[in-house]
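Just below is one structure, and these are the notes that go with it.
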Amino acid sequence: MSVLLKNVSLLVVALSMMVFAGCASYAGGSGGAKAENPHVTEAITHAQEAANHGGMGHADAVVTHAEVSLEHAQAAGKEMTNPHLTAGITELGEAIAHGKAGHADVATKHANSAVMHLKQI
């Protein structure tokens, strides 16, 4: 009888550990999405470059980097759904529009906002 209790106890412990591990990984949600999705990483890198160049008054460079960032963000959007990704895409579109109009200062604000959202993924 004690062998049966020992085996049942081991089974209960093993199942408990499996449930705990499953819950712990689920609790992370999409917390690892940025690390798992190279498009998000590239989108952040180019959005930061857009913001950096905008800070120097280079509206044309904002457009160049924001367009590359947008391509990566849209590619990530085909693989995941995240409200921060959606907001980042919107902000990148605004950065591009204002950069094309020569408004480096406003384009920079939108690029910075895109960075902030993309880092939240």
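Going 7 Å from the Cα of Met56 toward and past its Cβ, which residues in region 80-121 have a backbone nitrogen under 16 Å from where you end up? Label zone hits: 104-105, 108. Lysine pairs in region 33-119 whose alpha-carbon atoms fall under 20 angstrom of each other, counting only those eight or more residues apart or on distinct chains, come to 5. For Ala101 and Ala75, the difference between the fully extended length at 0.36 nm per residue and the C-alpha to C-alpha distance is 6.8 nm. Of the trypsin sites (Lys or Arg not before Pro) found in region 32-119, those that fall in a DSSP loop while having at most 11 other beta-carbon atoms within 10 Å are Lys78.
Residue-wise HN-Hα couplings along region 51-59, as the Karplus relation 6.51 cos²θ - 1.76 cosθ + 1.60 with θ = phi - 60° gives them from phi, are 5, 4, 5, x, x, 8, x, 8, 4 Hz; Gly and Pro carry x.
None of the figures in this text is laboratory data; all of them are computed from the coordinates on show. For clarity, every value in this text was computed on a predicted model and none was experimentally measured. Positions of Cβ are generated from backbone atoms using ideal geometry, with glycine treated the same way; all protein chains shown enter the neighbour counts.
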